[in-house]
């Protein structure tokens, strides 16, 4: 396609505008966090004297680091678990398919279409009976299950792109299934595995439904932390914004640092 | 020492029968080529030998021992893949030494073996490179090196040259033949290219539609194809086929009426044929002789000059006939041309496409490379019905 300068200019303006629209709520949240409560509900302005009062107030009411620790624990823990289950699962589906493989994969995906609230009561009761309510392990398990279909689907597509010959050559060379995965499959699809893992971390980090329903204090992650600032006596916008900023900052920075990897992984195969 | 026996091997994928009962023997140190059009089952057969697929029924024996249930790595075989299937994240040295590493061989011993293989293949300067930084021919050699390092009893090649350009292919063909001499190993080679089969094989196995059409030395297949398919598949350019009618059958051969009115007696065993039968006459382009008195004639449609030889495509009533003539013939397109043939060079095929056996064996039909003469004696052609 022959793009003229004007076309490129229009495209750039369009891209920047869309980016800005998407980014604006986050920007506004960050700004509001540095305002006083009065300024927060006053007429919107870009110019004000920033203050850390809200952050101090927020930290005074709840220990941010405890929630953050829980978030890191469950996000990375569930990702690790999902990869440990997902890699062998995707391997067998990609390289040793049976007649039911396709059906199984569609069924797995269909579980993502079910509203989680539909299974809330049974899961709550199971968790209660197993003593897993408000435990990090419990939340890790539910996140693992939640992300497993996506993890397996993504890994499956990455593994599918790997020439079968390479694994067969490995088998001729004497590799057993474990060695095939360890020495050939995983190193060769590492970009894909990494981006799958990153996506799983982000999804787990942002998950709110289960964390709000299955935890209360000990195992509550940052999503529960933010929610705790929307109190019945009214919203304190500045404090809520400060808390939200702190909650999303780690994952935003994480996403920003790994975006190259993410993009590379997600387009892996397409540009090979 | 390694011999391979394949007994009644059948392979079914769901409802399609890809291999329909293959019987075959591969002798020690023999270079056997499976050749056939795509989809004939040759690669599947190789993969079953390798252990990458299992046979639905039938037995595989290496040195007399049944290996159906033995895993690919424990069969003592090594395979070179069409795509080379090098490990992209490993250096050439690690690629070649991977099997030894898996077998728990120490670093020093591993390096020695890899260096030895690298020396045979002239890969020493490339040992630290990754496959990405190699040319097609070099990758091919690394893939062969990976096989050599395993010191297998049988080498398996799955169309190893088809990703190379023509010049490199000729060079690698010679190199593989040399390697076969040097390693003195049994090799099984799959290709769709009959030239590769003719140039390298001690024994060619022609497959079609999941069945063995014919097994024999290259010269045997060339001079005594057992049916129309093998006759057309082996030899380049392809054999010409002309519809003819049997006139008389005698002990000295079958006399046939040629298109255009002439007759010719072909020295074949006419048992089962009788006067009036519709037969097909097969003559290779190189056995057609331009001759003003010749019984056949047609109009030249295309001339391909290769310098040393010229291919003439001549239109007759029954289709286009290819004639390989001298490089210096002066014919022009659309010219009428007469030609004939040496009856002893001609073949006759019956209505089912089966060849009528020649009364005389061609003196070269038993020939293979001199050093391997005796091992071929016991692997003579096993006559096989047509498709």
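The values are calculated or read from the model by the stated rules, or taken from the named source; none is laboratory data. All values reported here derive from a predicted model rather than from experimental measurement. FYI the Cβ positions are ideal-geometry reconstructions off the backbone, even for glycines, and counts take in every protein chain you see.
Condition first: over 30 Å from residue B:15 (Cβ atoms), assigned to a loop (DSSP other than H, G, I, E, B), at pLDDT 90 or above and within 14 Å of chain B (Cβ to nearest Cβ). Can you find one or more residues in segment A:92-99 that meet it?
First, the residues of segment A:92-99 that are over 30 Å from residue B:15 (Cβ atoms): none.
No, segment A:92-99 has no match at all.
Can you tell me which residues in segment B:145-195 are within 14 Å of chain A (Cβ to nearest Cβ), under 19 Å from residue B:135 (Cβ atoms) and out of contact with any strand residue (DSSP E or B) (no Cβ under 6 Å at 6 or more places or on another chain)?
The answer is B:145, B:146, B:162, B:163.
Residue by residue through segment B:341-363, note down the ones that are more than 24 Å from the chain's Cα centre (by Cα) and within 15 Å of residue B:239 (Cβ to Cβ).
B:341, B:342
Select, from B:86, B:52, the only residue that is closer than 20 Å to residue B:130 by Cα and at pLDDT below 95. Reasoning before the result, please.
Numbers: B:52 fails: closer than 20 Å to residue B:130 by Cα.
Answer to the selection: B:86.
Please go through (1) surrounded by fewer than 21 Cβ atoms within 10 Å (Cβ to Cβ); (2) in contact with a helix residue (DSSP H, G or I) (Cβ under 7 Å, 6 or more places away or on another chain) for residue A:137 and return the number of the only condition it doesn't satisfy.
(2)
Among the residues of segment B:348-386 satisfying the criterion of being in contact with a helix residue (DSSP H, G or I) (Cβ under 6 Å, 6 or more places away or on another chain) and either farther than 30 Å from residue B:29 by Cα or exposed (fewer than 12 other Cβ atoms within 10 Å of the Cβ) (or both), which is modelled with the lowest pLDDT?
B:353
Out of all the residues in segment A:188-206, which are within 11 Å of chain B (Cβ to nearest Cβ) and surrounded by fewer than 20 Cβ atoms within 10 Å (Cβ to Cβ)?
Result: A:190, single match.
Among the candidates B:274, B:247, which residue alone is touching a strand residue (DSSP E or B) at 6+ places or on another chain (Cβ under 8 Å) and outside any strand (DSSP E or B)?
B:274
Given the criteria on the phi > 0 side of the Ramachandran plot and touching a strand residue (DSSP E or B) at 6+ places or on another chain (Cβ under 8 Å), does residue B:338 qualify? Reasoning before the result, please.
On the way: on the phi > 0 side of the Ramachandran plot: no; touching a strand residue (DSSP E or B) at 6+ places or on another chain (Cβ under 8 Å): yes.
For residue B:338, the condition - on the phi > 0 side of the Ramachandran plot and touching a strand residue (DSSP E or B) at 6+ places or on another chain (Cβ under 8 Å) - is not met.
Could you grab me the full set of residues in segment B:61-85 that are away from every other protein chain (no Cβ under 12 Å) and touching a strand residue (DSSP E or B) at 6+ places or on another chain (Cβ under 6 Å)? Step through it out loud before you land on a result.
Kept after step one, since they are away from every other protein chain (no Cβ under 12 Å), are these residues of segment B:61-85: B:61-70.
If the condition is that a residue be away from every other protein chain (no Cβ under 12 Å) and touching a strand residue (DSSP E or B) at 6+ places or on another chain (Cβ under 6 Å), then B:61, B:62, B:66, B:67, B:68 are the ones that fit.
Just checking, which of B:107, B:11, B:20 is within 30 Å of residue B:125 (Cα to Cα), more than 19 Å from the chain's Cα centre (by Cα) and away from every other protein chain (no Cβ under 14 Å)?
B:107 is the lone residue from the list that is within 30 Å of residue B:125 (Cα to Cα), more than 19 Å from the chain's Cα centre (by Cα) and away from every other protein chain (no Cβ under 14 Å).
Of everything in segment A:157-187 that's in a loop (DSSP other than H, G, I, E, B) and under 13 Å from residue B:90 (Cβ atoms), which residue is farthest from the other protein chains (Cβ to nearest Cβ)?
Residue satisfying both the conditions and the ranking: A:175.
Can you tell me which residue in segment B:1-22 is modelled with the lowest pLDDT, limited to those that are surrounded by 16 or more Cβ atoms within 10 Å (Cβ to Cβ) and in a loop (DSSP other than H, G, I, E, B)?
It comes out as B:2.
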